[in-house]
């Protein structure tokens, strides 16, 4: 089962290394990791997606709370949070396929942020279902490169 964890941490040197070290040292795998400062420059939010049963999740949460510089840890269960991901994808696009790619982007509210002779770079944000469906549709044109932020989450 996938779980979304949000850790509010002090924005200090070495905090991310300690958090990542806790996961690897105890054999927990991270599916997705995203770190950024919050509105308070003294704090950062680390959002992680982890797989495991309730016992594993409980263990991870307890271990995170023990770490120095961790202020709070929240486990978002389904429906408790707004979750989004940002993807930048470079797709092959020639004169024949460009119009169809534009149409798909329009349907998914994606933005074309760069146009070159042989390709386009597209930005899309949304939940996992939306971004996965979009990537499946544009894959037919040929994905050249892809970058993802990982999931971000805030409580409702």
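None of the figures in this text is laboratory data; all of them are computed from the coordinates on show. Quick caveat, the model's predicted, so the values are computed rather than measured. Here Cβ is always computed from backbone atoms with ideal geometry, including for glycine, and neighbour counts include all displayed protein chains.
By the Cα gyration tensor, segment 82-150 has an equivalent ellipsoid whose semi-axes, rounded to whole angstrom, run 20, 12, 10 from largest to smallest.
Helix 15-25 and the long axis of the chain differ in direction by around 80°, with both axes built from C-alpha atoms. The ranking of 39, 3 from fewest to most other beta carbons within 10 Å of each one's beta carbon is 39, 3. In percent, rounded to a whole number, the relative contact order of the chain is 28, using alpha-carbon pairs under 8 Å and six or more apart.
Calculated on the Cα set of segment 11-156, radius of gyration then Dmax: 18.6, 57 Å. Using Cα atoms only, what is the angle between the long axis of helix 128-138 and the major principal axis of the chain, expressed in degrees (0 to 90) to the nearest 10? Between helix and principal axis, roughly 30 degrees. Counting neighbouring beta carbons within 10 Å and listing from fewest to most, the residues 132, 77 come out as 77, 132.
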